[in-house]
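The values are calculated or read from the model by the stated rules, or taken from the named source; none is laboratory data. Only a predicted model underlies this, so the values are computations on that prediction, with no experimental measurement involved. FYI the Cβ positions are ideal-geometry reconstructions off the backbone, even for glycines, and counts take in every protein chain you see.
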Amino acid sequence: MLGYIIRRILAVIPVMTIVAVFVFLLLRLTPGDPAAIIAGDMATPAQLDRIRDSLGLNDPLYVQFITWVGNLLQGDLGTSIISNTSVTGMISERIWPTVNIALLTIIISVLLAVPMGVVAAWRHKSWIDYGVMSFSVLGFSIPVFVIGYIFIQIFSNELRWLPVQGYIPPSESIGGFLARAILPCLTLATIYVALIARMTRASMLEVLGEDYIRTARAKGVKEDIVLFRHALRNAAVPIMTIIGTGFALLIGGVVVTESVFNIPGIGRLTVDAILARDYPVIQGMILLTSGIYVLINLLIDLSYTFIDPRIRY
Amino acid sequence: MMKQRACSHPASRALRTRSGVAGLLAATFLASASLIHPATAQDGETTITAVMHSGLRVLDPIITTAHITRNHGYMIYDVLVATDENFEPQPQMADWTISDDNLVYTFTLRDGLTFHDGEPVTAADAVASLNRWGERDSGGQLIFDVTESLEATDDKTIVWTLEKPFPALLDTIGKQSAIPPFIMPERVASGSADEAITDYTGSGPFVFVEEEYEPGVSVTYEKFEDYVPRDEEPSWMAGGKDVKVDRVEWVTMPDAQTTINALISGEIDYIEQVQVDLLPLLETSQDVVVETRDDLGYQTIGRMNFLYPPFDDVKIRQAAMMALSQEDVLGTLIGNPEYYTTCGAIFGCGTPLADETGSETLTSGGDVEGAKQLLEEAGYDNTPVVLMQPTDVVSLTAQPVVAAQALREAGFNVDMQAMDWQTLVTRRASQAEPSEGGWNLFFTNWMVPEINSPLISPMLNGRGDEAWFGWPTDEKIEELRAEFIAADTPEKQKEVAAKIQAHNMENVNYIPLGQYIMPQARRDNITGMIPSPVPVFWNVEKSE
């Protein structure tokens, strides 16, 4: 197992190297000029050129790449071209709202979706099953901003129970955090509940048809133990996969939800950086997101061994 | 034995897993401590929370012409001279005298000027700041072209000696937009004008709270307790800057609907710009006031590329302008006639130099038949017009679509290409052929005070490659600009401005497409906002 983990971690190096080279080149080939953003509408071509010079954007591509990689190897993601602040600092400020919202969303989603999927499979082709499936189709089909606006209209504008927008870190106020996080988390959870519930149902339906389930029932094992200990554990591998990738997607940034609820997360940071052609920030964000995906995939793979003892690496 | 069994029980494992998740959650909560919003207003402090038109990302108001950075500049810096609501330059940090031959301007700093670090503002700081500004600002460059010397003769006196008179000197250093000469400490201003500053010490009425700044998300200002306001009533950028709140926080909200909801619910106090189509949402709230802060507003314009066919031919440029209707453009862009007006004056309606000569067709609905005839006379050979359409800037999406339709009706072969604004600003700097990555036509907007004089309007530069994008080589307009610089009375300036207007409409240096206003909205407990093109927070009070 340890050897497997080391091999997987080492495999990260070529993956990240390819990502770094690809992102660097792709950005430089994209039309756009950060100097134009900095200088504004009235700048003359000569002024733009001088600003490009001062930013190092006129250096040959390989010089820019070597400088960037050299800094990267020392743990320095560089400085934002536009705001002149450290990329590492910007990301470390903006990642926590995203992480906190993602964690709460995934907790809500799992707590709701897994029981829904289990019950839907258990009562296959009943009204409960159809209800869960209808919810899943709806939850997965309605655009996230529509759900967000509906929640804001009901809970903020009409009932006045919750604030419209904003983010307060839990360290400052748990109540303040929950008050502002609950609507975006419920909005995002609508999609993930739909996704995880469908997956749980499908996986459970397959397992519930197995001989050992019939045997357990024939032996008089209680139905809840059959469902949750025998069936769910055996159905858990695909469910864990979907939860893990869902979490990675959430950490990667949920731009629309962050915009609708005004959460200063990394999704908005990435989009703003792309619109401004802020190369160091975009590069930093894509590297970070790639790293998160690799790490979460590794954790998912490792979790299989705990869920299903038959799986060995 | 029991203990071991309990530990291996799935439920127990699940419990462990849940504890792990809870632990992770708790760790995350703790780890995020003080990273976001590290400090908030103390009890009893008055804080105004404002949503501005965009997020603040560039902090150097000299390196950029971005309006949000200029607004930031007015919060933390001060200027020697400022323009009032009558377009007159007034003393702000300094009074002045002018020699009889109009060649020597002597400025004297007023008492009580202090930087935020406690150091006094000196004439040497002002000289360094003016020099740096002169490298970036087009109006400043014109003054420095005729400058013999600019020096600090003592701690309070600045002597600016010219080689020949520049009657608009005070107007130029007192202008409120793009780029005002903000006064910075000499140690900051002596750096390159092409590299952004990193020391944000000003002497203005607010202090920038650097540790709370999150680029593009929020910026906080605190009242500068040692600031000494002038005694005069505030008027535009001039007069007393009396700060009546403890803190001002600018927050960025990317979603217009959310911003409006936040104002209605009282989570924010002020919105700088409200999209006109969303105004009905605010009309239902009795605690919100919607108003016009800036009567001049914006001018929307079209600019052609003079280097390539078909717009290298003046008749074809005239045909394109003739096909366009300001009413159609503004009606599509803004919709509500309360917030726009047709205006053929290239210096903007409501300004001292306003003159609408030659704009009758534009302001009265266009003349497609006339445009067709002109095209025929010019021998237009169906050369495609590459029209760039930005898709991500709300205030610029309508103009290209309306123009494309009008031009097609007149007989132009229009190739409208959609792109994001960043791609457009890069591409418009390209002098390549339109079919090889260049362009023929694009649209943009200006605040009226940015184009209200031939000295500052970038579209009226006729110096070929040195001119603004489109690069017209226009000796006539350069002569007229020189004539304007030499005009030493308002009457003479107006006379020359009228000639420039007529020439522009004849030569089509650019197409003025009318003016529009962006209303602001505030909670009704926010009072004292000054009518001004720049949103400022001095004189503003917030009651409970």
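For the stretch B:420-437, name all the residues that are over 16 Å from B:THR391 (Cβ atoms), at pLDDT below 95 and part of a loop (DSSP other than H, G, I, E, B). Passing the criteria: B:ALA429, B:SER430, B:GLN431, B:ALA432, B:GLY437.
Among A:SER92, A:SER83, A:SER54, which is touching a Pro at 6+ places or on another chain (Cβ under 6 Å) and either of a type in the set (A, V, I, L, M, F, W, C) or surrounded by 13 or more Cβ atoms within 10 Å (Cβ to Cβ) (or both)?
Going through A:SER92, A:SER83, A:SER54 in turn, just one is touching a Pro at 6+ places or on another chain (Cβ under 6 Å) and either of a type in the set (A, V, I, L, M, F, W, C) or surrounded by 13 or more Cβ atoms within 10 Å (Cβ to Cβ) (or both): A:SER83.
Under the condition of being within 9 Å of chain B (Cβ to nearest Cβ), farther than 15 Å from B:GLN422 by Cα and not acidic (Asp, Glu), the residues counted in the stretch A:257-279 number 7. Which members of the stretch B:168-187 meet the condition of being crowded, with 21+ Cβ neighbours inside 10 Å and among the hydrophobic types (A, V, I, L, M, F, W, C)? Across the stretch B:168-187, the qualifying residues are B:ALA168, B:LEU169, B:ILE173, B:ALA178, B:ILE179, B:PHE182, B:ILE183, B:MET184. Within the stretch B:475-488, the set of residues being in contact (Cβ under 8 Å) with a residue 60 or more places away in the chain and either in contact with a strand residue (DSSP E or B) (Cβ under 9 Å, 6 or more places away or on another chain) or surrounded by fewer than 16 Cβ atoms within 10 Å (Cβ to Cβ) (or both) comprises B:ALA486, B:ASP488.
Taking the stretch B:272-286 as the range and being within 13 Å of chain A (Cβ to nearest Cβ) and either modelled with pLDDT of 95 or more or farther than 25 Å from B:VAL393 by Cα (or both) as the test, the residues that pass are B:THR284, B:SER285.
In the stretch B:386-404, the residue that is farthest from the chain's Cα centre (by Cα) out of those that are within 14 Å of chain A (Cβ to nearest Cβ) and not hydrophobic (A, V, I, L, M, F, W, C) is B:THR391. Of the residues contained in the stretch B:241-256, one or more are found to be part of a loop (DSSP other than H, G, I, E, B), among the aliphatic types (A, V, I, L, M), surrounded by 15 or more Cβ atoms within 10 Å (Cβ to Cβ) and more than 14 Å from chain A (Cβ to nearest Cβ). Among strands (runs of 3 or more DSSP E) entirely within the stretch B:55-147, having at least 2 residues that are crowded, with 22+ Cβ neighbours inside 10 Å and either touching a residue at least 60 places away in the same chain (Cβ under 8 Å) or within 14 Å of chain A (Cβ to nearest Cβ) (or both) singles out B:81-83.
Look through A:ARG229, A:ARG198, A:ARG180 and report the one residue that is closer than 26 Å to A:LEU299 by Cα and under 22 Å from the mean Cα position of the chain (by Cα).
One residue alone meets the criteria, A:ARG198.
Could you tell me whether A:GLY291 is more than 9 Å from every other protein chain (Cβ to nearest Cβ), buried (at least 18 other Cβ atoms within 10 Å of the Cβ) and either touching a residue at least 24 places away in the same chain (Cβ under 8 Å) or under 18 Å from the mean Cα position of the chain (by Cα) (or both)? No. Test A:ARG180 against the stated conditions and say whether it is more than 30 Å from B:THR64 (Cα to Cα), among the charged types (D, E, K, R) and within 12 Å of chain B (Cβ to nearest Cβ). The answer is yes for A:ARG180.
Annotation for the stretch B:447-464: at least one member residue is within 23 Å of B:ALA354 (Cβ to Cβ), in a strand (DSSP E or B) and within 14 Å of chain A (Cβ to nearest Cβ). A search for C-beta distances below 7 Å between a residue of the stretch B:199-220 that is at positive phi and any residue that is among the β-branched types (Val, Ile, Thr), counting only pairs 6+ apart in sequence or on different chains, returns B:GLY216/B:THR252. In the stretch A:106-116, the count of residues that are part of a helix (DSSP H, G or I), free of Cβ contacts under 8 Å to residues at least 60 places away in the same chain and of a type in the set (A, V, I, L, M) is one or more.
Does B:TYR516 meet the test of being at pLDDT 95 or above and within 14 Å of another protein chain (Cβ to nearest Cβ)? Show your work before the answer.
Details: at pLDDT 95 or above: yes; within 14 Å of another protein chain (Cβ to nearest Cβ): no.
Spelling it out, it is not the case that B:TYR516 is at pLDDT 95 or above and within 14 Å of another protein chain (Cβ to nearest Cβ).
Does B:ASP295 satisfy being among the acidic types (Asp, Glu), surrounded by fewer than 18 Cβ atoms within 10 Å (Cβ to Cβ) and within 14 Å of another protein chain (Cβ to nearest Cβ)? The answer is no for B:ASP295. Note on the stretch A:44-60: residues that are outside any loop (DSSP other than H, G, I, E, B), more than 8 Å from chain B (Cβ to nearest Cβ) and among the charged types (D, E, K, R) total 2. The listed residues are A:ALA35, A:ALA102, and the only one of them that is modelled with pLDDT of 90 or more, crowded, with 18+ Cβ neighbours inside 10 Å and of a type in the set (Gly, Ala, Ser) turns out to be A:ALA102. Of all the residues in the stretch B:171-230, those that are hydrophobic (A, V, I, L, M, F, W, C) and within 14 Å of another protein chain (Cβ to nearest Cβ) number 9. When the test is whether a residue is in contact with a helix residue (DSSP H, G or I) (Cβ under 8 Å, 6 or more places away or on another chain), more than 24 Å from B:ASP255 (Cβ to Cβ) and of a type in the set (S, T, N, Q), A:SER171 passes it.
Annotation: A:TRP96 fulfils all but one of (1) not in a loop (DSSP other than H, G, I, E, B); (2) not assigned by TED's automatic domain parsing to the domain that holds A:ALA276; the unmet one is (2).
Selection of the stretch A:206-256 for residues being within 30 Å of A:ILE286 (Cβ to Cβ), hydrophobic (A, V, I, L, M, F, W, C) and away from every other protein chain (no Cβ under 12 Å) yields A:VAL237, A:ILE239, A:ILE242, A:ALA248, A:LEU249, A:LEU250, A:VAL254.
Restricting attention to the stretch A:201-217, and to residues there that are aliphatic (A, V, I, L, M) and closer than 14 Å to A:PRO115 by Cα, which single residue is farthest from the chain's Cα centre (by Cα)?
That would be A:LEU205.
Of all residues in the stretch A:274-282, at least one satisfies being on the phi > 0 side of the Ramachandran plot, at pLDDT below 90 and touching an Asp or Glu at 6+ places or on another chain (Cβ under 8 Å). May I ask you to say which residue of A:ASP59, A:ASP41 is of a type in the set (Asp, Glu), over 29 Å from the mean Cα position of the chain (by Cα) and either at pLDDT 80 or above or at positive phi (or both)? Of A:ASP59, A:ASP41, the one residue that is of a type in the set (Asp, Glu), over 29 Å from the mean Cα position of the chain (by Cα) and either at pLDDT 80 or above or at positive phi (or both) is A:ASP59.
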